[in-house]
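The structure under discussion appears below in the form of structure tokens.
The values are calculated or read from the model by the stated rules, or taken from the named source; none is laboratory data. Everything numeric in this text was worked out from a predicted model, so none of it was measured. Note: ideal-geometry Cβ built from the backbone for every residue, glycine included; neighbour counts use all protein chains shown.
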Amino acid sequence: MKPTFDAIQAKESLHVLQTYRRQPVAFVRGEGPRLYDVDGREYLDLVSGIGVTSLGHSHPGLTAAIADQAGTLIHTSNLYFHPYQAEAAARLTALSGLGRVFFCNSGTEANEASLKFARRYWHTQGQKQRVGYVAIEGAFAGRTMGALSVTYDEHYRVPFMPLLSDVTFVDPDRPELLAAAVNDRTAAIIAEPIRGEGGIRPLPEAFNQALTDVCATTGTLLIADEVQTGLGRTGYPFYFQALGWQPDLVSVGKALGSGVPVGAALISQRVADAISPGDHGSTYGGNLLATRAAAFVLEQLMDGGLIDHVRSVGDHFERRLRALALQHPVIVDVRGAGLMRGLELRIDAAPVIDAARGKGLLVNRTNEKVVRMLPPLTIEAADLDRAVDILDGVLATVASAVPA
């Protein structure tokens, strides 16, 4: 007998740790950019698991690869070789220009690894005092202790203090402060090229230049947090390439496995040369199932024309969203790149999210007033048009209900 939504919710309430504020819907099936709930209702998915299901739901090629691998061999540990780590790593190094890859299970773990590798680099150089980090106001790097330390919002950090003590946050709208924040104790600067959880906010051009200058003059390592922006999401393999950055470490996750949990830290050769066996590890990291999925996703990015597709439909999406903003004064700004887009509103975005879901459209709220959209990279322009049309009606209704 098929479970009902009420039964699923009731059982969760008894047994699952209540760390999430879930929306009142339970999904059981997906196809392409669409999800179907327990009652068979269809939704157009512009959340894609928060930027995870990069190839859409139930992609036939990925499904076949996962099924084949699950029936062959899933896991052996990093005590032994297998073919897919090397295959996925070769594609990641070709896309990024960085020489080495460490596989883990998520973007947060990739950030943790990058923070560790930065300290290890300076320890090897004999500069053991270089243990601090500079991070960006509005940044989100994850919820484990190291990643949490370079996450800006005190709502996330304060209940778990003390965290890493030597972290300085810099306002990217004041690039002149960056040079003062970096000193002879700084191991690395960590930055998202576009702050995702922070409201789809690209870093200002002046700050990007300051970042490049400071790293060049001080030798400070740069960690590009590309967990949300990387792997084609913006129409570039990695968005640091659009900004002219030369990072020493790049963290990726989310889109890499299109739903299969896998992350990676990409490492420049100079940092890799400072790392020794035993410096880091992961029991599950880089297992056969995860890296086979990653290799398939990367093949689609590199050989399947997916990045060109993102640029094309992303430009179309931006035009439609900017036209929408002209029609609705409740929209303050349209931000982002490729298929990473945010609408900043004059009001809390929560009613828009709820109303859109009621119309069969899934979008996400972040930074309170921002409607975030991270559709599958495979989405077509016609589905984006449908999404904008739904938002058009929703914004008109929600805005009319807000007191002047």
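Within the range 216-240, residues that are under 22 Å from E299 (Cα atoms) reach partners that are of a type in the set (V, I, T) and assigned to a helix (DSSP H, G or I) with beta carbons closer than 6 Å, at six or more positions or on different chains, in the pairs G232/I307; G232/V310; G235/V310. Report, by residue number, each residue of the range 171-210 that is more than 21 Å from the chain's Cα centre (by Cα) and aliphatic (A, V, I, L, M). Of everything in the range 171-210, those that are more than 21 Å from the chain's Cα centre (by Cα) and aliphatic (A, V, I, L, M) turn out to be L177, L178, A179, A180, A181, V182, A187, A206, A210. The set of residues in the range 191-227 that are in contact with a helix residue (DSSP H, G or I) (Cβ under 7 Å, 6 or more places away or on another chain) and closer than 17 Å to D153 by Cβ comprises A191, D225, V227. Among the residues of the range 30-60, those identified as in contact (Cβ under 8 Å) with a residue 24 or more places away in the chain, within 24 Å of the chain's Cα centre (by Cα) and not in a loop (DSSP other than H, G, I, E, B) are G30, E31, G32, L35, Y43, L44, D45, S48, G49, I50, G51, H57. Residues of the range 152-159 include at least one that is in the same structural domain as T218 (by TED's automatic domain parsing), surrounded by 19 or more Cβ atoms within 10 Å (Cβ to Cβ), within 20 Å of the chain's Cα centre (by Cα) and of a type outside the set (K, R). State all residues of the range 91-124 that are more than 21 Å from the chain's Cα centre (by Cα), surrounded by fewer than 24 Cβ atoms within 10 Å (Cβ to Cβ) and in a helix (DSSP H, G or I); if no residue qualifies, say none. Correct list: R119, R120, W122, H123, T124. Whenever a residue of the range 297-309 is within 14 Å of A255 (Cβ to Cβ), its partners that are loosely packed, with under 15 Cβ neighbours inside 10 Å, lying with C-beta atoms within less than 8 angstrom and at least six residues away or across chains, give the pairs Q300/G61; M302/A94. Only residues that are under 17 Å from V47 (Cα atoms) and among the charged types (D, E, K, R) were counted in the range 212-260, giving 2.
Taken together, E87, E112 contain a single residue that is farther than 20 Å from Q300 by Cα, acidic (D, E) and at pLDDT 95 or above, which is E112. Going through (1) at negative phi; (2) buried (at least 24 other Cβ atoms within 10 Å of the Cβ); (3) within 17 Å of the chain's Cα centre (by Cα) one by one, P237 falls short only on (2). For the range 1-30, filtering for residues that are touching a His at 6+ places or on another chain (Cβ under 9 Å) and loosely packed, with under 13 Cβ neighbours inside 10 Å leaves 0.
Filter the range 316-350 down to residues that are free of Cβ contacts under 8 Å to residues at least 60 places away in the same chain and either closer than 13 Å to T234 by Cβ or among the β-branched types (V, I, T) (or both) and give me whichever is surrounded by the fewest Cβ atoms within 10 Å (Cβ to Cβ). Step by step, filter the range 316-350, then rank; the result is V332. Please indicate, with yes or no, whether at least one residue in the range 268-281 is β-branched (V, I, T), under 20 Å from the mean Cα position of the chain (by Cα) and buried (at least 17 other Cβ atoms within 10 Å of the Cβ). Among the residues of the range 268-281, not one is β-branched (V, I, T), under 20 Å from the mean Cα position of the chain (by Cα) and buried (at least 17 other Cβ atoms within 10 Å of the Cβ), which makes the answer no. Within the range 261-284, being part of a loop (DSSP other than H, G, I, E, B) and either under 15 Å from L301 (Cβ atoms) or among the polar types (S, T, N, Q) (or both) holds for V262, S268, S276, S282, T283.
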